[in-house]
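The values are calculated or read from the model by the stated rules, or taken from the named source; none is laboratory data. It should be emphasised that the depicted structure is a prediction, and the values quoted were computed from it without experimental measurement. FYI the Cβ positions are ideal-geometry reconstructions off the backbone, even for glycines, and counts take in every protein chain you see. Heavy atoms of the whole protein, side chains included, go into the accessibility calculation; ligands, DNA and RNA do not. Shrake-Rupley method; radii C 1.70, N 1.55, O 1.52, S 1.80 Å.
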Amino acid sequence: MRRDHQRARVYAWEDAHVAPHGQDLLPFSAAQPMVEAIWAEMGLRYPPAVEPLPPQSRRVQADANRLRLRLPPQWPSWLLLHELAHAMTSTHDGASDGHGPRFMGLYLQLLERYLRLPASALAPSLAEAGIVWDPAARPIFLDPA
């Protein structure tokens, strides 16, 4: 398994620059309709299924891959966008970008579109945190442009 070199930096950056803008807690029941709407607005088909995060899960707030997204009973809007970026950068057989440049590029696109946080305003903080991102990122499972 490939090491996720940016993971700790992304979490620290997210705590400082994203979480303060999306503290609204949404109910689990809102997740699947939101996932389906965002997936479709991004021009994608076959969104991942939303499932409850197991109650015994203590290591993660949520998790996602191409086929499923697991969330707690209540979650902030930015967390759904983070997990959707994981779903878009994973394949059905488990290949993933982790918190790499493609993930960050798609995450920034989602933050800009749905939390109204301009990528141009976030870019300096990413550079300062040493986080590499791809502004032209596309979901991993799409054919190259």
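Of the residues making up region 1-18, those that are of a type in the set (A, V, I, L, M) and modelled with pLDDT under 95 are Met1, Ala8.
Do we find that Leu53 is within 28 Å of Leu142 (Cα to Cα) and either under 14 Å from the mean Cα position of the chain (by Cα) or of a type in the set (Phe, Trp, Tyr) (or both) in this structure? Walk me through it before giving the result.
Numbers: within 28 Å of Leu142 (Cα to Cα): yes; either under 14 Å from the mean Cα position of the chain (by Cα) or of a type in the set (Phe, Trp, Tyr) (or both): no.
Against the criterion (within 28 Å of Leu142 (Cα to Cα) and either under 14 Å from the mean Cα position of the chain (by Cα) or of a type in the set (Phe, Trp, Tyr) (or both)), Leu53 does not qualify.
Residue-wise test of (1) within 19 Å of Ala31 (Cα to Cα); (2) open to solvent by 50 Å² or more (accessible area, probe 1.4 Å); (3) among the acidic types (Asp, Glu); (4) at pLDDT below 95.
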residue: Asp63; (1), (2), (3), (4): yes, no, yes, yes
residue: Arg70; (1), (2), (3), (4): yes, yes, no, no
residue: Asp93; (1), (2), (3), (4): no, yes, yes, yes
residue: Ala121; (1), (2), (3), (4): no, yes, no, yes
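Residues in region 98-119 that are of a type in the set (Gly, Ala, Ser), assigned to a loop (DSSP other than H, G, I, E, B) and either under 13 Å from Leu84 (Cβ atoms) or open to solvent by less than 10 Å² (accessible area, probe 1.4 Å) (or both): Gly100 alone.
Would you point out the residue of region 35-61, among those that are open to solvent by 60 Å² or more (accessible area, probe 1.4 Å) and within 23 Å of Glu14 (Cβ to Cβ), that is modelled with the lowest pLDDT? Even if it seems obvious, please write down each step before you answer.
Kept after step one, since they are open to solvent by 60 Å² or more (accessible area, probe 1.4 Å), are these residues of region 35-61: 36, 40-41, 43, 45-46, 51-52, 55-56, 58-59, 61.
Next cut, within 23 Å of Glu14 (Cβ to Cβ) only: 41, 51-52, 58-59, 61.
Details: Glu41: 95, Glu51: 97, Pro52: 96, Arg58: 72, Arg59: 75, Gln61: 89.
Applying the filter and picking the extreme gives Arg58.
Residues in region 85-97 that are within 17 Å of Val10 (Cα to Cα) and part of a loop (DSSP other than H, G, I, E, B): Thr89, Asp97.
The set of residues in region 65-106 that are farther than 14 Å from Asp4 by Cβ, of a type in the set (Phe, Trp, Tyr) and within 10 Å of the chain's Cα centre (by Cα) contains only Trp78. Here Ala127 qualifies as surrounded by fewer than 13 Cβ atoms within 10 Å (Cβ to Cβ), at pLDDT 95 or above and small (Gly, Ala, Ser).
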